């Protein structure tokens with residue numbers, strides 16, 4: 001109690017200290033000093049702040065002084081100028097995939113984005129987005145403080161608007177200058193754009209790591225599809241939270257590796273933790289309630305990650321790269337045209353071409369185009385499966401190649417490669433192709449890029465069709481298929497030769513093409529070479545023809561210097577199906593921009609190459625190739641019947657094989673060979689190389705028929721145009737039939753262009769007399785004795801030697817080895833007579849057989865056998881000069897004379913005696929002029945028996961032996 005009283009007294013004493021006069025005065029002074037000091041401090045703070053603000057403002061102004069005031073249109077263009085991946089389409093608007101690019105993006109409108117993702121992004125990246133005018137001052141001060149103090153916790157100070165400015169208008173440079181410009185531009189952007197526009201742009205710009213194909217992605221639409229397989233509008237809350245968390249560390253939080261495979265549990269964990277952070281901020285910001293938050297936290301997001309999806313380039317490598325290449329080509333030309341250039345300008349200026357190629361490539365990869373192609377997805381897919389299941393390509397071969405890095409030689413295994421293409425005739429649309437066996441083995445597109453000699457598939461293109469167009473050939477024209485010598489370097493070696501090294505004599509152009517004979521093709525080509533038939537190839541889209549090809553006869557056999565692509569070769573065949581008009585093939589149908597505007601649309605422009613009559617006649621000849629020629633195995637291989645016309649082809653040394661065929665709707669052709677040219681196997685698994693190629697062609701076409709019969713099997717057939725007539729011709733000349741041709745049974749008929757029907761007949765082909773000496777026949781002279789001649793149908797080689805400008809060394813080779821040609825005889829050049837009477841010959845013999853040697857004079861055509869009689873001599877037989885020079889006689893005395901082509905007869909030979917002469921000469925059957933002996937004709941007409949040669953062996957005296965028949969025909 002006492003202690004309490006003491007405490008009260010002390011308090012009272014203290015209070016009196018503040019209330020006495022002296023104390024009051026001191027307190028007043030202290031207060032004044034304190035106030036003055038506070039006021040001074042406030043003034044200093046205001047002045048300092050003003051100064052600092054002025055300095056800061058000045059510094060800020062100095063940082064942005066180079067930044068020009070950007071107008072609305074400029075900012076709009078830059079803000080929305082984000083790369084958007086272009087899309088690829090098959091024909092008929094069937095989606096194919098994305099164009100290959102470093103960053104895959106797909107634009108999306110804000111109304112097509114889930115509210116979950118919008119709320120998640122705002123709660124995570126900019127909670128005051130709807131309140132601020134582009135910047136949040138306290139956030140900026142906080143960020144500056146953290147930067148100055150080097151704080152380990154960085155909360156960021158950029159609004160969505162600032163992030164958009166940084167991504168689209170500025171760089172990622174870390175500097176105060178860049179930050180100052182960012183703030184200035186953010187404030188200006190907010191004046192031009194509303195919040196929805198800014199948010200939409202941000203959602204399309206931000207990067208979100210990788211998708212399930214391992215591709216880098218940007219924009220919420222690409223993220224939603226690439227991670228969860230849904231559109232942005234269909235994202236649920238946990239999915240939206242996961243995506244919203246990615247921009248802070250896109251590649252740290254992404255669930256996929258560079259190969260598109262899911263990361264391990266540990267690798268996915270950072271992304272899951274970030275998702276939980278986003279959900280917490282959404283809850284704290286009131287954008288989701290407790291129930292939504294709890295359900296989202298408990299949600300197993302990993303089950304929504306889609307498995308690895310092959311990229312477009314992985315699924316369709318040959319097709320994707322081909323589309324890219326062609327899209328760049330058409331877009332570069334389109335951009336050049338917009339600037340006033342044309343296609344020729346680009347061809348003439350490589351630098352200009354390169355410039356527009358770069359612009360086009362950048363354009364296509366950044367601006368979200370829709371690239372529509374002509375490829376029929378069903379046929380394309382079916383053909384890829386078919387080429388994988390084919391079993392008869394041939395064996396792989398080893399090739400030694402130099403390693404570009406080490407320079408050492410190494411073994412490379414090369415399979416037989418394949419290139420095939422299917423083109424719609426009337427439009428030029430490429431409906432399908434096969435670029436190769438396996439893209440991983442060889443990236444070269446063998447259908448559109450690889451150039452190889454096209455073998456005998458060249459014959460219709462540069463030989464037969466041009467020759468018919470020029471009026472020098474018709475299907476019934478007759479061409480010699482005989483040994484010729486057209487290689488100046490080796491004048492004694494037959495060139496060209498046929499594949500089987502055999503010859504067929506006189507053949508029609510139709511038959512020569514059907515059986516793919518080389519000699520008739522080159523002879524025809526040489527006949528028209530001055531007309532530069534290679535120009536027809538250029539009209540039909542061949543881009544590899546060079547000037548030396550124009551003067552090269554081997555072009556007729558496919559020996560083009562730089563080769564030809566499968567596409568160009570097949571495309572040219574479509575000219576015949578189009579009635580002689582070439583329609584260039586194409587793959588890019590149209591290109592549409594992101595606003596739906598068509599920026600490119602292909603237009604087919606036919607080029608007249610051949611007349612409709614030439615085109616039809618060529619088609620009709622190529623029908624025979626399939627019906628009964630080198631392609632006759634096709635029909636048994638196909639599942640369906642169509643009006644096909646085609647041509648086989650084999651490269652030199654069997655390094656390439658081809659087969660191209662057309663029907664009224666499509667052209668389809670294939671090539672097989674090794675990438676490093678080397679011979680294919682003549683036989684593989686029991687199948688010859690040519691039937692293997694046809695079998696592969698049919699295998700691919702059957703696959704196309706299974707999925708699109710209406711495309712590859714049209715009901716109509718090739719229609720014959722006007723101006724085609726059927727006429728008879730002589731199969732031995734190709735001209736109008738003569739009586740002799742008719743008598744020989746060699747009249748045939750075929751289709752002709754009415755403008756070029758034959759009007760004359762072959763005068764060298766006629767009935768006549770000939771002399772045969774051994775295997776050779778010679779035209780008889782008027783004075784040639786009839787006894788040495790025969791009658792027949794004669795063919796002179798002069799017609800063909802003159803027409804084709806070549807000597808025919810073996811005229812007998814002109815006659816085909818066919819039964820119906822048996823009555824036809826070749827008359828070589830006339831046997832020149834030397835103007836002298838043949839010299840006397842000497843005979844010998846054994847028993848009843850006389851023999852003598854070949855007469856030394858070349859104009860001797862035969863020998864007469866005479867028997868001496870009481871009245872002189874009588875002729876009992878003849879022997880041809882080319883026969884056996886002997887004669888069997890009965891008992892008696894005999895001699896022989898030589899007779900030349902002009903009918904002159906030598907003096908008698910020495911007398912040859914056999915036994916004793918018969919008692920009485922029997923001459924009942926002797927013609928009147930031989931009943932009386934007479935001197936044999938000859939110089940002076942003297943009878944000079946010469947030296948008698950008696951054979952003492954008497955034989956057959958009791959029996960008269962008739963003279964032997966001396967005609968050795």
> If each of residue 594 and residue 196 carries a label point 7 Å out from its Cα toward its Cβ, how far apart are those two points in nm?
Replying inline: 1.8
> Ranked highest first by average number of other Cβ atoms within 10 Å, how do 408-415, 620-627, 265-272 line up?
Replying inline: 620-627, 265-272, 408-415
> Tell me, Kirkwood radius of the range 600-709 from alpha-carbon pair distances, in Å?
Replying inline: 15.5
> Taking neighbour counts of Cβ atoms within 10 Å as a proxy for exposure, in what order, fewest first, do 675, 349, 289 appear?
Replying inline: 289, 349, 675
> Which ordering of 73, 351, 531 is given by a fewest-first count of other beta-carbon atoms within 10 Å?
Replying inline: 351, 73, 531
> Using 1/(1 + (r/R0)^6) with R0 = 51 angstrom and r between the beta carbons of residue 755 and residue 385, what's the FRET efficiency to the nearest 0.05?
Replying inline: 0.55
> In nm, to one decimal, how far is the modelled label at residue 561 from the one at residue 93, with both set 7 Å along Cα→Cβ?
Replying inline: 4.9
> Want the number for residue 739 to residue 405: 0.36 nm per residue separation, take away the alpha-carbon distance, what's left?
Replying inline: 112.6 nm
> P(r) of the range 297-399 in 10 Å steps, Cα pairs, percent per bin?
Replying inline: 11, 27, 23, 21, 14, 4, 1
>> Testing the spin-label approximation: label points 7 Å from Cα along Cα→Cβ at residue 531 and residue 295. State their distance in nm.
In response: 8.3
> Which FRET efficiency value, to the nearest 0.05, is calculated for residue 280 and residue 303 with the Förster distance at 22 angstrom and r the Cβ-Cβ distance?
Replying inline: 0.50
>> Suppose we keep just the alpha-carbon trace of the range 463-508; what are its Rg and Dmax in angstrom?
In response: 12.8, 34
>> Can you give me the orientation-averaged projected area of the convex hull built on the Cα atoms of the range 726-831, in nm²?
In response: 7.5
> Among 843-853, 376-386, 604-614, 541-551, what's the highest-first ranking by average C-beta atoms within 10 angstrom per residue?
Replying inline: 376-386, 604-614, 843-853, 541-551
> Going by how many other beta carbons lie within 10 Å of each one, how would you line up 375, 122, fewest first?
Replying inline: 122, 375
>> On a full-extension model of 0.36 nm per residue, what is the gain between residue 131 and residue 747, subtracting their alpha-carbon distance, rounded to one decimal in nm?
In response: 211.7 nm
> Once fully extended, how much extra length lies between residue 338 and residue 489, figured as 0.36 nm per residue of separation less the alpha-carbon to alpha-carbon distance?
Replying inline: 48.9 nm
> How are the C-alpha pair distances of the range 391-467 spread across 5 Å bins, as whole percents from the shortest bin up?
Replying inline: 3, 11, 13, 17, 20, 13, 9, 7, 4, 2, 0
> Using the alpha-carbon centroid of each, what span in Å lies between the range 515-587 and the range 221-296?
Replying inline: 61
> Which order do peptides 392-400, 693-701 fall in by mean Cβ count within 10 Å, highest first?
Replying inline: 693-701, 392-400
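No value in this document is a laboratory result; all are computed from the given coordinates. Quantities reported herein were computed from a predicted structural model and do not represent experimental measurements. No Cβ is skipped: glycine too gets one built from the backbone with ideal geometry, and neighbour counts run over all protein chains shown.
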